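First up is the structure itself, then whatever we jot down about it.
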Amino acid sequence: MRRGRRSGLYTMIAVHSTARGPSLGGCRMWGYGDSRAAMRDALRLSRAMTFKSAVAGLPLGGGKGVIMLPAGAPALAPGRRRDALLDFGDGVAQLDGRYVTAEDVGTSDGDMTVIAERTEHVAGLALERGGSGDPSPWTALGVETAIRVAAERIWGSADLAGRSVAVVGLGHVGSELARGLAAGGATLVVGDVAPAKRALAEELGATWAEPAEALHADVDIVAPCALGGVLDHDAIPALRCRAVAGAANNQLASEELAEDLRARGILWVPDFVANAGGIINIAVELEPGGYAPERADERVLAIGDTVRTVLDMAEANDTTTLAAAIELARKRLG
């Protein structure tokens with residue numbers, strides 16, 4: 001953890017080291033109550049990123065960067081935001097290639113351009129700079145693929161026509177996912193803390209609900225796409241769905257809750273399996289041939305096969321999907 005000399009804000013980078021290659025992870029700009037909470041978030045997410053890379057078969061470790069904003073503070077003025085990004089870039093540069101950063105919650109491909117002024121170890125740059133741009137569409141594509149595999153496992157068909165899905169959180173990924181699901185014929189319930197997102201519900205012919213109501217809607221599948229920790233001891237008993245698969249990281253408030261979902265007969269696709277599309281897309285940038293969207297599409301769609309493998313392992317071992325996914329990650333980490 002270091003205090004930026006330009007912005008005065010604390011930045012931190014957690015690297016979950018492996019022998020597989022550089023650690024790739026996003027730069028999260030978010031409000032925290034104190035530095036301990038921010039550090040816990042960085043450590044927790046770096047571990048999840050390691051599992052995500054391993055399960056996806058990427059030759060990368062996992063990392064996570066955080067620019068800590070005061071909880072409840074207004075958005076940074078443009079000048080101070082730029083200073084915070086430059087401070088973060090200095091921290092990335094000091095790691096000398098052990099960590100490669102990309103966008104995450106609160107940052108964009110434009111922000112990566114600013115960070116790149118201080119370090120070359122940046123991915124997810126804008127398309128015009130030879131990068132892959134916003135990874136949200138690929139994250140959404142991967143989650144939709146995971147949802148289809150969950151439907152296939154429960155109802156015998158990946159066809160979403162006639163299925164009902166609640167999308168909780170309509171940020172970049174949630175909005176893309178909702179559009180894809182609607183195009184696939186699903187009936188949607190959508191919710192977000194921002195009332196302005198109601199316009200998307202109207203555009204898609206979806207039912208609007210507050211996020212807590214959307215989480216507990218009477219639907220086939222719930223897709224959490226906001227921040228983590230939504231599946232806790234209070235939320236799980238109130239779920240009325242058959243499956244949960246979404247883009248949010250660390251959806252379980254604690255790992256033992258995977259057993260509670262299993263006991264209720266709810267198929268949960270572990271978040272670091274379902275939402276790997278973004279990092280898979282960005283990883284294509286690091287390949288010798290450089291970025292190509294057709295290769296990214298092919299690799300992201302392969303998330304479906306990974307989900308099938310995890311579900312088969314869980315069934316064969318009579319265990320949770322989380323335990324199966326972690327086992328698969330550890331096997332691939334070697």
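Within segment 310-319, the set of residues being more than 17 Å from A243 (Cα to Cα) and assigned to a helix (DSSP H, G or I) comprises M313, A316, N317.
Criterion first (hydroxyl-bearing (S, T, Y), at pLDDT 95 or above and surrounded by 22 or more Cβ atoms within 10 Å (Cβ to Cβ)) does T306 satisfy it?
On the way: hydroxyl-bearing (S, T, Y): yes; at pLDDT 95 or above: yes; surrounded by 22 or more Cβ atoms within 10 Å (Cβ to Cβ): yes.
Against the criterion (hydroxyl-bearing (S, T, Y), at pLDDT 95 or above and surrounded by 22 or more Cβ atoms within 10 Å (Cβ to Cβ)), T306 qualifies.
Can you name the residue in segment 265-294 that is buried (at least 24 other Cβ atoms within 10 Å of the Cβ) and aromatic (F, W, Y) and is also farthest from the chain's Cα centre (by Cα) among such residues? Ranking the qualifying residues of segment 265-294, first place goes to W268. Among the residues of segment 153-180, those that are touching a strand residue (DSSP E or B) at 6+ places or on another chain (Cβ under 9 Å), more than 27 Å from E315 (Cβ to Cβ), of a type outside the set (A, V, I, L, M) and assigned to a helix (DSSP H, G or I) comprise G174, S175.
Would you please name the residue that is nearest to E144 (Cα to Cα), looking only at residues in segment 223-247 that are touching a Lys or Arg at 6+ places or on another chain (Cβ under 8 Å) and assigned to a helix (DSSP H, G or I)? Here the residue is I236. The single condition among (1) modelled with pLDDT under 95; (2) assigned to a loop (DSSP other than H, G, I, E, B); (3) surrounded by 21 or more Cβ atoms within 10 Å (Cβ to Cβ) that N250 does not meet is (3). Name the single residue that is nearest to Y99 (Cα to Cα) among those in segment 270-301 being part of a loop (DSSP other than H, G, I, E, B) and without any contact (Cβ under 8 Å) to a residue 24 or more places away in the chain. The selected residue is E287. A324 meets each of the listed conditions (1) assigned to a helix (DSSP H, G or I); (2) modelled with pLDDT of 95 or more; (3) surrounded by fewer than 17 Cβ atoms within 10 Å (Cβ to Cβ) apart from (3).
Scanning segment 120-138 for residues that are in a helix (DSSP H, G or I) and either more than 18 Å from D305 (Cβ to Cβ) or in contact with a His (Cβ under 8 Å, 6 or more places away or on another chain) (or both) gives L127, E128, R129, S136, P137.
Residues being surrounded by fewer than 21 Cβ atoms within 10 Å (Cβ to Cβ), free of Cβ contacts under 8 Å to residues at least 40 places away in the same chain and over 20 Å from the mean Cα position of the chain (by Cα): count how many of those fall in segment 162-196. Walk me through it before giving the result.
Let us first name the residues in segment 162-196 that are surrounded by fewer than 21 Cβ atoms within 10 Å (Cβ to Cβ), namely 162, 164, 171-172, 179-180, 182-185, 187, 193-196.
From what is left, the residues that are free of Cβ contacts under 8 Å to residues at least 40 places away in the same chain are 162, 172, 179, 182-183, 185, 187, 193-196.
So of that shortlist, the ones also over 20 Å from the mean Cα position of the chain (by Cα) come out as 162, 182-183, 185, 187, 195-196.
Residues flagged as surrounded by fewer than 21 Cβ atoms within 10 Å (Cβ to Cβ), free of Cβ contacts under 8 Å to residues at least 40 places away in the same chain and over 20 Å from the mean Cα position of the chain (by Cα) within segment 162-196 amount to 7.
Elements of the type helices (runs of 4 or more DSSP H) sitting completely within segment 1-116 and holding at least 1 residues that are touching a Cys at 6+ places or on another chain (Cβ under 6 Å) and among the small types (G, A, S): there are none.
The values are calculated or read from the model by the stated rules, or taken from the named source; none is laboratory data. All figures in this text were calculated on a predicted structure; none of them were measured in a lab. A quick note on method: Cβ atoms are made from the backbone with ideal geometry, for glycine too, and the neighbour counts reach across all protein chains shown.
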